[in-house]
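Below is one structure; the comments refer to it alone.
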Amino acid sequence: MNWFTVAGVLTQLQDYFIINDSQAGLLQTMFIVCYMLFAPVFGYFGDRYNRRYILSVGLFVWIISVLSSSLVGRENFGLFMLCRAVVGVGEASYSTVAPTIIADMFTGRSRSISLMIFYFAIPVGSGLGYMVASFISAWTGSWQWGIRVTPLFGFVCLLLIVFVMEHVERGQAEHAHFGKSSFLEDVYYLFSIRTYLFATAGFTFVVFVVGSVSWWVPSLLGHSWALHHGTRHVPGGVTAEISLVFGLITCLAGLCGVAFGSSLAQMWRRGNSYLRKSDSADCLVCAVGAIIAVPMLFFAIVLSRDYITLCWIFIFLGVTGSCLNWAVNMDLVMKIVLPNRRSTANAIQTLTSHLMGDASSPYIIGLISDALKGDDASTVTQYYALQRALFVPNFVLIGAGAFYLIASYYVAADEKKAEDLMHMPIIIENGNDTAPLINTE
């Protein structure tokens, strides 16, 4: 939810700090840069130490950072960016560790359903971030209160983790026990899995698109409103309405995408009268979602000036396609990676996808928009500059589909390899005896 609360009050922030589009895009970039840099750190800890403690510390840092960012004065934009960057530390802790805890609690279809429910948080949180931030800021007349809501939910979650959550052993669902390994050994192991490499590339391309579209489309629609009304100023009420509608659409489309993607992958794996059984179902679903989203987002951007209703429809379809892979991609990674290396696998994928994805895409699109409009500050130029800039990430989805299709050729072999390794005996320290990786008791 916190990822897009700032996007819900972006126009007010730009007026408050007097910043341009590229500086506004840099806010999200700084947040995600810190997020992705700390993901490998928490991935390393998550494979070796008590994950409940890791979640608690990360969430506490997150709460303090968000609250601090709302107290920054208008002359301290750099300090505000620093606070937003530190928020990424907390985000990295639970986004890296939490999916692996779920994977250690379930297997098979139960794991797929559980991950699907967990990844509902992405569209629901994104949509609520837009809606709550814009509504609260419009109601109070202050963008600061718009971003102070999420720490309240965070505090409740912190209490639940500390007092309610139980410790989950790694590989608990598979009854697996593993020997120790170094971080470099973990990385070398992951880089030997071809499915993991291509899936990470595909996921990175999707994240690039989702990050830029989520950050800039509400601003594009605000420019469209100003263009129709012959003004440069977009009232707070209009901004709030745009954010509300966009948030609702993002929320609903995300729910549909995550649910449909996970359900389709499960059906495709089993096969039925319409779908031939396939061990590559996860990769194929991710590829289909990315490819479907390409024309949908293209038409949404093209129609954003004169046909706003059609624009909303195509945004819904495009976001739905883009969200097909959220739960399925993680389920895929959990199947092809050993339990004692899953946090590291998630962390490296997080680092890669955000480094070349949404850490850079909002800033890149902002730079392109600023370059296209130059010194012309007219409403017409602002709209068309941002519209043309948004065509760039749209076509990146083609690459996402291609990488997932390549991954589909290797997934069956990589999944079998992971299963075989979990059943392979390991050498006990005395060097004479062996013990199975799977506890059969």
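The values are calculated or read from the model by the stated rules, or taken from the named source; none is laboratory data. Please read these numbers as outputs of a predicted model, since none were measured by experiment. Because the Cβ atoms are built from the backbone with ideal geometry, glycine has one as well, and the counts that use them run over all protein chains shown.
List of remarks:
- Note on the range 377-396: among residues that are hydroxyl-bearing (Ser, Thr, Tyr) and surrounded by fewer than 21 Cβ atoms within 10 Å (Cβ to Cβ), the one that is farthest from the chain's Cα centre (by Cα) is Ser378.
- Selection within the range 397-414 - surrounded by 19 or more Cβ atoms within 10 Å (Cβ to Cβ) and either part of a helix (DSSP H, G or I) or not small (Gly, Ala, Ser) (or both): Leu397, Ala400, Gly401, Phe403, Tyr404, Leu405, Ala407, Tyr410, Val411, Asp414
- For the range 20-39, the criterion of being outside any helix (DSSP H, G or I), in contact with a Ser or Thr (Cβ under 7 Å, 6 or more places away or on another chain) and farther than 23 Å from Thr352 by Cα is met by no residue.
- Lone qualifier among Leu190, Leu220, Leu160, Leu184 - being crowded, with 18+ Cβ neighbours inside 10 Å, more than 30 Å from Thr381 (Cβ to Cβ) and among the hydrophobic types (A, V, I, L, M, F, W, C): Leu190
- Residue selected from the range 259-279 under the condition in contact with a Leu (Cβ under 9 Å, 6 or more places away or on another chain) and in a loop (DSSP other than H, G, I, E, B), by the criterion farthest from Leu405 (Cα to Cα): Leu275
- Hits in the range 339-370 - residues which are aliphatic (A, V, I, L, M), buried (at least 24 other Cβ atoms within 10 Å of the Cβ) and part of a loop (DSSP other than H, G, I, E, B): Ala359
- For the range 103-147, the set of residues classified as in contact with a Ser or Thr (Cβ under 6 Å, 6 or more places away or on another chain) and surrounded by fewer than 20 Cβ atoms within 10 Å (Cβ to Cβ) consists of Phe106, Gln144, listed by residue number.
- Qualifying positions in the range 68-120 - free of Cβ contacts under 8 Å to residues at least 12 places away in the same chain and within 24 Å of Cys323 (Cβ to Cβ): Gly108, Ser110, Ile117
- Any chance Thr100 is β-branched (Val, Ile, Thr), farther than 20 Å from Thr5 by Cβ and either in contact with a strand residue (DSSP E or B) (Cβ under 6 Å, 6 or more places away or on another chain) or modelled with pLDDT under 80 (or both): no
- Residue check for Leu367: among the aliphatic types (A, V, I, L, M) and over 18 Å from Val213 (Cβ atoms): no
- Selection within the range 198-238 - touching a residue at least 12 places away in the same chain (Cβ under 8 Å) and over 27 Å from Met296 (Cβ atoms): Gly230, Thr231, Arg232, Gly236, Gly237
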